[in-house]
1. Taking strands (runs of 3 or more DSSP E) that fall entirely within segment 247-318, which contain at least 1 residues that are under 28 Å from G331 (Cβ atoms), open to solvent by 10 Å² or more (accessible area, probe 1.4 Å) and touching a residue at least 60 places away in the same chain (Cβ under 8 Å)?
2. Consider R50 against the criteria (1) open to solvent by 10 Å² or more (accessible area, probe 1.4 Å); (2) assigned to a helix (DSSP H, G or I); (3) closer than 30 Å to E190 by Cα: it satisfies all of them except one. Which criterion is unmet?
3. Please work out which one of (1) open to solvent by less than 30 Å² (accessible area, probe 1.4 Å); (2) touching a strand residue (DSSP E or B) at 6+ places or on another chain (Cβ under 8 Å); (3) closer than 28 Å to R139 by Cα is the condition E28 fails and give its number.
4. In this structure, is L382 closer than 20 Å to I239 by Cα and either without any contact (Cβ under 8 Å) to a residue 60 or more places away in the chain or among the hydroxyl-bearing types (S, T, Y) (or both)?
5. Would you mention how many residues in segment 151-181 are within 23 Å of the chain's Cα centre (by Cα), farther than 21 Å from N253 by Cβ and crowded, with 20+ Cβ neighbours inside 10 Å?
6. What are the residue pairs meeting all of these: first residue in segment 207-234, first residue exposed (fewer than 15 other Cβ atoms within 10 Å of the Cβ) and in a loop (DSSP other than H, G, I, E, B), second residue charged (D, E, K, R) and at pLDDT 95 or above, Cβ atoms under 9 Å, and 6 or more apart or on different chains?
7. When both residues are 6+ apart or on different chains and their Cβ atoms are under 9 Å apart, which pairs have a first residue that lies in segment 81-93 and is at negative phi, and a second that is of a type in the set (F, W, Y)?
8. Would you mind stating whether A101 is open to solvent by less than 40 Å² (accessible area, probe 1.4 Å), under 26 Å from I63 (Cβ atoms) and either at pLDDT 95 or above or small (G, A, S) (or both)?
Amino acid sequence: MILPSISLYIHVPWCIRKCPYCDFNSHEVGAHGVNNETDYVEALIADFKRDAELLNGRRINSIFIGGGTPSLFSDAAYGRLLEAVSSMATLEAGAEITLEANPGTTERRYLAGYRHAGINRLSLGVQSFNEQALSALGRIHGRGEALSAVDDARRAGFDNLNLDLMHGLPQQSVEQALEDLDTAIGLFPEHLSWYQLTFEPNTAFYSQPPELPDEDSLIDIQELGHQHLEQAGFKRYEISAYAKSDALRSRHNLNYWRFGDYLGIGAGAHGKVSRAQDQTLLIERYWKTRQPEAYLRRRNDPRGFLAGSRMLETEEIPTEFLMNALRLVDGVPSSLWYEHTGLSHDTLRAHLSQARMRGLINDNDAVIQANEKGLLFLNDVLELCDSTPT
């Protein structure tokens with residue numbers, strides 16, 4: 001039995017200010033930044049050393065450094081970290097290595113160093129180019145800093161750039177949303193993540209929600225924005241992801257959506273690993289100590305950094321697989337079902353049957369794919385797929 005491809009996620013939990021919509025494991029450090037950068041990098045290296053055995057001989061096909069605000073760390077820190085990872089594991093040739101960056105913390109002097117350290121893809125969390133919207137979102141950067149960050153990234157040698165952009169912002173008009181999108185398109189990024197603002201539990205916006213555009217405006221933004229992106233040469237390949245070509249799609253995120261495996265290191269990071277046992281595929285999810293200071297103390301602890309883990313029950317696997325795969329516009333080959341779940345194709349057909357009868361899934365046994373209507377009502381599709389017993 002062949003194990004799925006595997007990636008590495010690295011979490012940096014600090015930021016200057018917590019955004020009111022953010023439900024990630026992030027912790028404010030204020031304007032002076034992180035004092036224990038070196039200690040944290042050494043903890044990450046120790047964490048990876050323990051997890052590396054879970055690779056089972058597999059090469060890492062992508063690395064994603066997320067947060068928090070990873071661009072609070074220096075280029076030297078990532079040089080040390082990536083060198084250590086490369087010494088303990090084999091990376092695929094040309095592996096995608098992404099760093100998330102906030103335009104308000106992206107220093108020009110670090111960018112060239114990030115590139116030299118091996119980071120070959122930069123993801124800038126712009127969210128909006130509108131000063132009023134940025135203020136409402138609690139961002140620490142303005143329009144000018146966002147534009148400068150793109151220019152600085154290009155000068156530093158980044159030729160694979162993603163811009164994160166939100167729509168459906170507090171009191172945002174359709175015209176303002178499209179102006180944001182057109183500004184982003186005019187910066188010629190290779191990739192755009194364009195997604196609607198939602199209110200997640202345990203966030204400031206969830207407790208005190210601001211006024212959002214009405215439903216008709218949200219639909220207009222989505223439809224007109226999609227047209228703008230297509231006309232500019234961006235191809236939508238996932239619910240909220242657009243790329244200039246297939247080669248520029250996020251390989252790391254594609255691995256998630258195809259139900260691949262991934263190691264997770266850093267405070268609060270999650271991982272998923274598969275193991276073959278007696279011709280059965282066992283899938284485990286695990287997570288690391290969440291609080292940064294507690295995580296740092298675990299460096300010399302015999303227990304390591306693990307906070308918990310559990311094996312997925314057989315009946316959970318179909319839903320977990322489909323809730324990822326059906327986000328992809330082109331779907332995934334049906335062969336991945338057995339390869340990444342260990343379950344039979346009869347089980348797959350049973351789970352897709354109701355959605356197919358409702359005309360939400362393409363009737364093609366070679367591909368697992370929601371059609372255009374299914375993508376619009378993906379939650380309904382997943383409920384139908386989940387209603388069929390394993």
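The values are calculated or read from the model by the stated rules, or taken from the named source; none is laboratory data. This is a predicted model, so every value here is computed, not measured. With ideal geometry, Cβ positions are generated from the backbone for all residues, glycine too; neighbour counts draw on all protein chains shown. All accessible areas refer to the heavy atoms of the entire protein, side chains included, with ligands and DNA or RNA removed. Shrake-Rupley method; radii C 1.70, N 1.55, O 1.52, S 1.80 Å.
1. In segment 247-318, the matching strands (runs of 3 or more DSSP E) lie at 261-265, 270-277, 280-288.
2. Against the list (1) open to solvent by 10 Å² or more (accessible area, probe 1.4 Å); (2) assigned to a helix (DSSP H, G or I); (3) closer than 30 Å to E190 by Cα, R50 comes up short only on (3).
3. The failed condition is (1).
4. So L382 does not fit the description; no.
5. 3
6. G233/K244
7. Short answer, once both residue conditions are applied: L81/F48; L81/F73; A84/F48; V85/F48; M88/F48; A89/F48.
8. The answer is yes for A101.
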